[in-house]
Structure formats: structure tokens, C-alpha cells
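Chemist: Submitted below is the structure of interest, expressed as C-alpha cells.
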Amino acid sequence: MSDENQVETADLIEPVELEGSNVKKDPKDLIKQLEEEGDIAADYLEGLLDIADLDGDIDIDVENDRAALAITSPTDSAGGLNHLVGERGQVLDSLQELTRLAVQTSLGTRSRLMLDIENFRGDKKSRLTKLANEVANEVKTKGEAIKLEPMNAFERKVIHDTIQTLGLTSESEGEEPDRCVVVLPQ
Amino acid sequence: MIDEALEHLVKGIVDNPDDVEISEKNHRRGTTLEVRVNPEDIGKVIGRNGRTARALRTVVSALAGESVRVDLIEADEVR
């Protein structure tokens, strides 16, 4: 059980064998590669926005050893880009998947880039961080483990990461789509 | 627009982008987009358990604002 966190930290969406090239590379090379991933991904997404005649600013960054791209509409007019997020982020997840494949096709290595649109993941992340803090407090006071609602891989990772910074441990149990985080007392 | 968008999405994820051809068919029950790709790329555009095909459909339907059918075909099939 204890190494399950490791798997999720290594990859959110699906278990992927770690690429030797990524692991052994010196950090500067890794950042360079991630920046290259970001550029290719941005070209792919920008091309799509152009064709669809949609306005969006694409921000490229490197976060937690992944390329991170965020698209936001410059003004909030006409609903912005929310249709590219979709219900429960379904369209966003699909677009992220395709963008990863575009990077993989271009560079020949698997990408774990994260895409956000209209800060959908960002907002979700801050809600989850808050939840993790509340649960951690409760676990500390009561000294009992608490099991959370089923969550997807992204959500579980946010919880695990937050719990870790609070000095507690957590693990995931159950099978998708009912997989849940359990926060453990010291 | 929607055929161009699909063409862009597919061309970016295949090894033989020049072989990608899209044809649009409108019928009473909606739009079908036929995508022809090099036989080498058919596995790529379908993906494991149809995951990539599903992603293409989801994004294209979101852009179109309606459900769009996407058929993936190997380019050397008889037309």
C-alpha cells in the first residue's frame, strides 16, 4: 500500500514506465526538454484556437517536473473558453491527452504535460487544498484515519501532496472510479 | 471550420501528416467526419481502448457545439 502514492506521484493519468532518459538526466537538460514540450504543445493548441477563431492566451511553465500550459481567454466575453473545459473537465482532459500525443509524436518521448483552461484545474486545486487542510486537522485531533470521497487521479494527487506538506501520510485505496484517499494519523 | 480543426488535431499526432484526409458528410441526423490516415497511423489515432478516437470526438463535438461522428479509416481502403 505504501508505495501506491509513489505511483500516483509519478503519473497522474495512467501508470507509465518511467523513462530512463528522464530520470538520469541532469536537471538542466530536463528543464530544457520540458520547455521544448511546452513550445510544441503551445503550437498545437494555438493552431487549434486559430482555426476555431477563439481568443486565448497560452501560458507555458514548468511545474513539478512537468510542462504546464494554461489557456485563458483575454476577456470574459461570450463565455470564454468554457466549452473547451466541458462537463467535469471532460473536454479539457481530451485536449490534454491529444496535446500529450502531439508532443510525443514530435519529440519521440512520452509527455506528462498538464493543460489547464480558464483555470479549471487551478480552482479545483485550491478547493482540494482547503479540504486536505481541514481533514488533516481533524485526523490530528481525533487520531483516526479519514477516508475521503472517490476522486480522480488529479484530485488524489493534490490531496496526497497537501497531506504530505502537513506532516501526515495518506494512501489511496479501491479501484477506479471509486478510488479514494485515506488520510492516516501519525 | 470543424473539418479543419479535426485535420489539425489528427495531423499533429500522426507520423504521416500528409496522408491525412478529412471528408465531411452532412445528413439529417447530424454531421459525420471521415478521417483517412496512413495505415501505419491507424493505431495511433484510435489509441488504447479507443481512447484517442474518443478524445478526438469529444474535442470536435465541443467545438461544433453538437455531437459529431468521427470515423477513422485506413487511407488505402477502397473508396
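Chemist: Give the residue list of GluC sites (Glu not before Pro) in region A:69-170 that are DSSP loop and have at most 13 other beta-carbon atoms within 10 angstrom.
Modeler: Hits after loop and neighbour filter: A:Glu144.
Chemist: For n ≥ 4 DSSP H runs only, could you compute -39500 (n - 2.57) per run for the protein assembly as shown, divide by its residues and tell me the 222 nm figure to the nearest 500?
Modeler: Using -39500 (n - 2.57) per qualifying helix, the result is -14500 deg cm²/dmol.
Chemist: Let me ask something else. Do you know the Lys pair count in the protein assembly as shown for C-alpha distances under 17 Å, with sequence separation 8 or more or different chains?
Modeler: Lysine pairs meeting both conditions in the protein assembly as shown amount to 8.
Chemist: Still on this model: If you take every DSSP beta bridge whose two residues both sit in chain B, what share of them, in percent to the nearest 5, is antiparallel?
Modeler: Close to 50 percent.
Chemist: Something else about it: In whole percent, and with a 1.4 Å probe on the protein chains, what portion of the accessible area of chain B is carbon and sulfur?
Modeler: Carbon and sulfur atoms account for 41 percent of the accessible area of chain B.
Chemist: Give me the summed buried accessible area for the A-B pair, 1.4 Å probe, to the nearest 100 Å².
Modeler: Using a 1.4 Å probe, the pair buries roughly 1700 Å².
Chemist: Quick one: give the max-minus-min coordinate of the C-alpha atoms of the protein assembly as shown along each principal axis, largest first, in Å.
Modeler: Cα extents, longest axis first: 68, 43, 35 Å.
Chemist: Nearest 5 is fine: what % of DSSP beta bridges in region A:61-186 come out antiparallel, could you say?
Modeler: Taking every DSSP beta bridge with both residues in region A:61-186, the antiparallel ones total about 75 percent.
Chemist: Compute the distance from the alpha-carbon center of region A:109-162 to that of region B:7-79, in whole Å.
Modeler: First find each Cα centre; the distance between them is then 35 Å.
Chemist: Below 8 Å between Cα atoms, with a sequence gap of 6+, how large is the relative contact order for chain B in percent?
Modeler: Here the relative contact order equals 32 percent.
Chemist: Might you tell me the accessible area per residue for region A:49-105, computed with a 1.4 Å probe and given in Å²?
Modeler: In whole numbers, region A:49-105 has 49 Å² accessible per residue.
Chemist: Of all the C-alpha pairs in chain B, what % are more than 15 Å from each other?
Modeler: 50 percent
Chemist: Roughly what angle does helix B:2-11 make with the longest principal axis of chain B, taking Cα atoms, 0 to 90 degrees, to the nearest 10?
Modeler: 20 degrees
The values are calculated or read from the model by the stated rules, or taken from the named source; none is laboratory data. Predicted model only: the values in this text are computed from it and were never measured. Quick reminder, even Gly has a Cβ in these numbers, built from the backbone with ideal geometry, and neighbours come from all protein chains shown. Ligands, DNA and RNA are excluded from the accessible area calculation, which covers all protein heavy atoms including side chains. Shrake-Rupley method; radii C 1.70, N 1.55, O 1.52, S 1.80 Å.
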